[in-house]
Amino acid sequence: MSMLSVLRKIVQEVSTAPDLESVLDLIVRRIQRAMRTEVCSIFLLDSVQKRYVLRATQGLNQEAVGKVSLSMTEGIVGLVGQRAEPINLEDAFSHPAFHYLQSTGEERFHAFLGVPIIHHRSVLGVLVVQQHDLRRFDESEEAFLVTVSAQLAGVIAHAEATGSINSEQHPQAEAKAVHDRRFDGVAAASGVAIGTVVVATIDAELETVPDKTPHDVEQELHSLEMAMEAVRDDIRTAGRSLAQRLKSEEQALFDVYLRMLDDPALKTEIEAHIRAGNWVQGALREVILGHVKQFNAMEDAYLRERATDVRDLGRRILSYLQESAGPMEVDYPDDSILIADELSPAMLGMVPENKLVGLVSVTGSGNSHAAIMARSIGIPTVMGVVDLPFTRLEGRKVIVDGYSGRIYVNPSEQLLEAFREVMREERLVAAGLEGLRDLPAETTDGYRMPLWVNTGLVADVTRSLERGAEGIGLYRTEIPFMIRDFFPSEQEQLQSYRSQMEAFAPRPVTMRTLDIGGDKALPYFPIEEDNPFLGWRGIRVTLDHPEIFLVQVRAMLRASEGLNNLRIMLPMVTSVHEVEEAMRQIDRALAELQDEGYAVERPMVGVMVEVPAAVYQVRRFARIVDFISVGSNDLTQYLLAVDRNNPRVAGLYAPYHPAVLRALQYIARETRKEGKPVSICGEMAADPGGALLLMAMGYEVLSMNSNNLPRVKSAIRGVSLARAQSLLSQVLRMDDAEEIHRYLRRTLKHLGLGQLTRPRLPNQQEPAEDDPDCSGAD
Ligand code: PEP
Ligand code: MG
């Protein structure tokens with residue numbers, strides 16, 4: 001077998017192991033065999049004790065497992081960890097760092113190769129192979145071990161995380177290190193929440209079913225029986241009615257399903273999980289996904305295919321279980337923290353608003369649209385917590401730290417108190433900002449900066465008006481489209497647009513034409529692409545579907561009848577001809593409506609600058625439209641080539657990157673040369689520091705989520721335009737986004753606006769530059 005197939009096989013097998021112990025055990029056994037070495041061991045870093053503990057071995061004394069450990073600077077293992085690179089020695093004993101581990105029996109082995117196990121840039125542990133002979137492991141062996149370690153790091157991290165969560169249910173198992181278990185993700189909406197987990201289940205999706213303790217075991221067993229019987233009936237009926245039309249191999253598929261259902265083993269296994277303390281849906285998930293993994297790991301292609309069948313069967317059973325349980329009559333706790341595998345804008349409405357205190361998503365990132373909406377409703381949110389074993393957390397207490405993007409499971413009283421203190425501070429700051437509502441956003445030297453809002457949810461309107469918004473700079477029309485089962489009719493759209501426009505009149509309302517694609521999907525209009533952010537998105541979709549575009553524009557125009565506060569905005573524009581084409585359609589809709597007798601006037605039409613191509617043509621656009629508005633969320637992702645939805649590269653998504661700042665400055669200058677207004681509606685405008693820079697660049701309107709408006713207003717009122725301009729010129733001399741960020745924070749503190757930056761958080765080492773006494777800001 002080639003090394004590549006060996007590798008694949010190991011990874012697959014390990015991925016199906018049920019818990020950390022078996023994961024580690026399998027790894028050492030398989031590697032030892034594949035490399036034909038005498039010893040293979042894994043040392044994992046215990047983050048509480050800060051020591052590498054021997055957690056599995058093949059070849060050393062088994063009794064030493066869990067007992068023997070090394071400090072982070074001890075032994076060659078410590079050195080591998082410190083250097084985060086492999087160390088390959090012909091004779092470990094003669095190395096100055098060698099530290100003899102008693103009771104392991106390692107005195108017999110000379111040759112040593114250790115490679116670090118690295119996950120998300122941090123060393124989880126060290127993988128070691130040893131051999132009696134004096135010899136260096138050769139290059140291909142070293143390469144093999146490095147590759148296995150890189151591939152397995154994620155599996156180990158995940159198993160470790162799940163293990164630490166599970167052991168809470170069995171306190172006697174691993175009593176230590178279970179408090180304050182921390183999971184890192186991406187900060188998505190600031191604020192701190194302490195609450196009880198509710199897992200968002202998606203209909204018939206096994207992966208999202210949480211574990212729960214059953215109320216009545218007999219009842220769960222009965223439900224299983226009924227659901228399996230119902231599926232059996234369905235399959236028999238479908239098989240009979242299709243019998244004539246099916247080829248024999250297709251017919252065989254029905255037989256496979258029936259055989260699986262009839263096989264008592266499957267049912268017995270699920271029943272065992274129920275008796276062991278899981279509810280029927282959770283037990284079904286455990287068993288079915290376990291089998292799916294096993295089939296996936298098989299070498300035989302035919303057997304691998306069975307994974308799909310098992311999963312499909314599981315889904316069918318789950319559907320019946322969910323149906324008989326009725327529409328989940330969940331009794332949401334008053335402090336619900338909703339955790340989803342993939343948080344979608346539609347899910348935000350799942351929990352009643354007054355009971356939702358925090359949001360967590362395993363996938364997605366800080367600029368995913370669900371995150372943007374979470375910011376707008378002001379719910380602390382963490383996205384991209386990729387290692388979170390979320391199905392195990394139902395009903396657990398957690399802390400959501402939306403400032404640093406962290407979740408703490410099973411928090412200690414001490415940590416809870418520290419975060420409660422942060423929440424008390426937050427309330428004080430918010431109360432201090434309340435008085436700003438009727439005051440203008442005016443700098444100390446009298447420059448008036450209009451602050452508008454971004455909307456989409458119904459609740460946004462009242463909130464925005466309460467906070468003193470002077471217009472809507474971006475109404476994301478796709479949001480009402482997303483929470484439906486089919487495209488809304490012209491009349492339905494008219495009603496929802498009219499209510500926004502009436503509520504805001506005579507203030508301007510900027511309606512963006514449908515911006516779907518990317519991470520915004522309509523359930524009834526799926527777009528499946530490999531690179532959705534570079535694909536069929538925004539205006540590209542609506543120009544290809546004039547019927548959708550025209551209906552929407554007609555609804556917008558009719559909604560503005562008698563109010564005349566409409567501005568239409570086009571998203572994701574790359575070329576002049578797209579704008580011309582869209583303008584033709586808008587003119588056509590206008591003419592039609594006027595013919596039909598509606599008293600509609602031509603609205604202002606503008607273009608969003610969101611892709612680099614639009615930056616360099618901004619003057620051309622400015623000549624043909626009425627206004628320019630920058631979508632800095634997308635512009636940042638496209639300029640930096642960083643997917644805004646991908647947590648793996650979230651650290652690289654930097655709105656303060658010098659390239660982004662220069663582009664923003666260029667757009668403002670070029671547009672003003674044409675005498676057209678330029679505004680910004682990306683999230684950068686919602687950051688107090690960012691708002692000051694944008695004002696200094698000459699942006700005439702800042703549009704943001706209503707939640708941040710008071711902070712931005714406070715920042716503007718606390719500074720002169722001249723000071724903001726000098727801040728901008730300082731910042732534009734810097735090369736590094738992080739440096740710029742720090743500098744902005746420092747400046748705000750220096751200006752006495754420190755309360756607008758993030759508070760000091762527990763468990764965090766604040767960088768020295770954050771010191772409020774730092775005087776480098778001038
Ligand atoms: C943007 O891209 O900055 C923007 C405002 O649009 P959205 O976030 O909806 O893509
Ligand atoms: Mg955009």
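When 360, 386 are checked against the criterion of being away from ligand 1 (no atom under 16 Å from the Cβ), in a strand (DSSP E or B) and either within 28 Å of residue 154 (Cα to Cα) or among the basic types (Lys, Arg) (or both), 360 stands alone in meeting it.
Conditions (1) among the aliphatic types (A, V, I, L, M); (2) away from ligand 1 (no atom under 16 Å from the Cβ); (3) on the phi > 0 side of the Ramachandran plot; (4) at pLDDT below 95, marked per residue:
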residue	(1), (2), (3), (4)
583	yes, yes, no, no
597	no, yes, yes, no
613	yes, no, no, no
629	no, no, no, no
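Selection of the stretch 650-688 for residues being touching a residue at least 60 places away in the same chain (Cβ under 8 Å) and away from ligand 1 (no atom under 16 Å from the Cβ) yields 658, 662, 665, 688. Out of all the residues in the stretch 334-357, which are within 16 Å of ligand 1 (Cβ to nearest atom), within 25 Å of residue 654 (Cβ to Cβ) and not hydrophobic (A, V, I, L, M, F, W, C)? The one that is within 16 Å of ligand 1 (Cβ to nearest atom), within 25 Å of residue 654 (Cβ to Cβ) and not hydrophobic (A, V, I, L, M, F, W, C): 345. Residues of the stretch 363-383 that are crowded, with 23+ Cβ neighbours inside 10 Å and closer than 24 Å to residue 416 by Cβ: 374, 379, 380, 381, 382, 383. Mind listing just one residue for me: the one in the stretch 424-454 that is touching a Pro at 6+ places or on another chain (Cβ under 6 Å) and in a helix (DSSP H, G or I) and, of those, nearest to residue 509 (Cα to Cα)? Step by step, filter the stretch 424-454, then rank; the result is 433.
Do the conditions hold for residue 664, that is, is it of a type outside the set (D, E, K, R), buried (at least 24 other Cβ atoms within 10 Å of the Cβ) and either within 16 Å of ligand 2 (Cβ to nearest atom) or within 25 Å of the chain's Cα centre (by Cα) (or both)? Answer is yes for this residue. Scanning the stretch 522-551 for residues that are of a type in the set (A, V, I, L, M), under 22 Å from the mean Cα position of the chain (by Cα) and surrounded by fewer than 18 Cβ atoms within 10 Å (Cβ to Cβ) yields 527, 534.
Could we say that residue 618 is among the β-branched types (Val, Ile, Thr) and either within 21 Å of residue 732 (Cβ to Cβ) or within 19 Å of the chain's Cα centre (by Cα) (or both) here? Criteria met by residue 618. Among residues of the stretch 514-540 that are of a type in the set (Ser, Thr, Tyr), those with a Cβ under 8 angstrom from a residue that is more than 11 Å from ligand 1 (Cβ to nearest atom), sequence gap 6+ or separate chain, pair up as 524/484; 524/485; 524/486; 524/487. Considered as a group, the residues in the stretch 366-383 that are within 20 Å of residue 192 (Cβ to Cβ) and part of a loop (DSSP other than H, G, I, E, B) include one that is farthest from ligand 1 (Cβ to nearest atom), and that residue is 380.
Here residue 113 does not fit the description of being of a type in the set (A, V, I, L, M, F, W, C) and open to solvent by 70 Å² or more (accessible area, probe 1.4 Å).
Of the residues in the stretch 618-630, at least one is in contact with a helix residue (DSSP H, G or I) (Cβ under 9 Å, 6 or more places away or on another chain), closer than 25 Å to residue 533 by Cβ and surrounded by fewer than 17 Cβ atoms within 10 Å (Cβ to Cβ).
Can you tell me which residue within the stretch 632-649, out of those that are of a type in the set (D, E, K, R) and open to solvent by less than 30 Å² (accessible area, probe 1.4 Å), is nearest to ligand 1 (Cβ to nearest atom)? Among those that are of a type in the set (D, E, K, R) and open to solvent by less than 30 Å² (accessible area, probe 1.4 Å), it is 634. Residues in the stretch 436-483 that are of a type in the set (Gly, Ala, Ser) and either buried (at least 18 other Cβ atoms within 10 Å of the Cβ) or within 16 Å of ligand 2 (Cβ to nearest atom) (or both): 441, 456, 464, 468, 469, 471, 473.
Which numbered condition in (1) modelled with pLDDT of 90 or more; (2) open to solvent by 30 Å² or more (accessible area, probe 1.4 Å) is the only one that residue 192 fails? Just one mismatch for residue 192, condition (2). Quick check: anything in the stretch 493-503 of a type outside the set (Asp, Glu), out of contact with any helix residue (DSSP H, G or I) (no Cβ under 9 Å at 6 or more places or on another chain) and open to solvent by 40 Å² or more (accessible area, probe 1.4 Å)? No, there is no match, as no residue in the stretch 493-503 is of a type outside the set (Asp, Glu), out of contact with any helix residue (DSSP H, G or I) (no Cβ under 9 Å at 6 or more places or on another chain) and open to solvent by 40 Å² or more (accessible area, probe 1.4 Å). Taken over the stretch 333-354, residues that are surrounded by fewer than 16 Cβ atoms within 10 Å (Cβ to Cβ) and either closer than 20 Å to residue 458 by Cβ or under 11 Å from the mean Cα position of the chain (by Cα) (or both) amount to 5.
The values are calculated or read from the model by the stated rules, or taken from the named source; none is laboratory data. Keep in mind that what you see is a predicted model, and the values were worked out from it rather than measured. Note: ideal-geometry Cβ built from the backbone for every residue, glycine included; neighbour counts use all protein chains shown. Protein only, heavy atoms only, side chains kept; ligands, DNA and RNA dropped before computing areas. Shrake-Rupley method; radii C 1.70, N 1.55, O 1.52, S 1.80 Å.
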